[in-house]
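All remarks here apply to the structure that follows.
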Amino acid sequence: QVQLVESGGGLVQAGGSLRLSCAASGRTFGNYAMYWFRQAPGKEREFVATISASGGTSTTNTVKGRFTISRDNTKSTIYLQMNNLKPEDTAVYYCAAKYTTLLIVTTNVDYWGQGTQVTVSS
């Protein structure tokens, strides 16, 4: 079992920045690919970014150049640095983990966090 706890969400003005964190516990963090997803009101949950066990990354086109995913295996934590935020980035952001060494974009993950709200005002 893996427990995931997100933090760092909040209210920010358009053009501002936030850094989300996701702390993992329970299993060997280095064996998991990690993910950020988001879900806006009335919309389906969507992929944002992923980072493999070895540090390879993939980011959805809508946030490319603005959001950066990273991981610190010594702290069993991943981050999502979000810059130049836009009102359309408003959503609940979820951390997720998948037991794989591959860099793979998928919604078929093994564990989810509880989510953290990000609200961007115009």
Exercise. Would it be correct to say that Gly16 is touching a residue at least 12 places away in the same chain (Cβ under 8 Å), more than 13 Å from Ala97 (Cα to Cα) and open to solvent by less than 30 Å² (accessible area, probe 1.4 Å)?
Worked result: yes
For this session: Look through Thr90, Thr100 and report the one residue that is among the hydroxyl-bearing types (Ser, Thr, Tyr), closer than 23 Å to Gly16 by Cβ, open to solvent by less than 40 Å² (accessible area, probe 1.4 Å) and touching a strand residue (DSSP E or B) at 6+ places or on another chain (Cβ under 7 Å).
Result: Thr90
Problem set entry | Hey, Val48 open to solvent by less than 20 Å² (accessible area, probe 1.4 Å), modelled with pLDDT of 95 or more and not in a loop (DSSP other than H, G, I, E, B) or not | yes
Problem set entry | Unmet criterion (only one of (1) open to solvent by less than 80 Å² (accessible area, probe 1.4 Å); (2) in a loop (DSSP other than H, G, I, E, B); (3) not acidic (Asp, Glu)) for Gln114 | (1)
For this session: Have a look at Thr68, Thr28, Thr74, Thr57 and point out the one that is hydroxyl-bearing (Ser, Thr, Tyr) and under 19 Å from Val118 (Cβ atoms).
Result: Thr68
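Quick one: which of Leu80, Leu11 is among the aliphatic types (A, V, I, L, M), open to solvent by 80 Å² or more (accessible area, probe 1.4 Å), within 21 Å of Val118 (Cα to Cα) and modelled with pLDDT of 95 or more?
Just one listed residue meets the conditions, Leu11.
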Exercise. If you check Gln1 against the conditions, is it assigned to a strand (DSSP E or B) and either modelled with pLDDT under 95 or closer than 20 Å to Ser121 by Cα (or both)?
Worked result: no
Seminar exercise, completed: Out of (1) within 15 Å of Gln117 (Cα to Cα); (2) among the β-branched types (Val, Ile, Thr); (3) open to solvent by 20 Å² or more (accessible area, probe 1.4 Å), the one Thr62 does not meet is (1)
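The values are calculated or read from the model by the stated rules, or taken from the named source; none is laboratory data. This structure is a prediction, so every number in the text was calculated from the model and none was measured. Here Cβ is always computed from backbone atoms with ideal geometry, including for glycine, and neighbour counts include all displayed protein chains. In case anyone asks, the SASA skips ligands and DNA or RNA and just uses the protein heavy atoms, side chains included. Shrake-Rupley method; radii C 1.70, N 1.55, O 1.52, S 1.80 Å.
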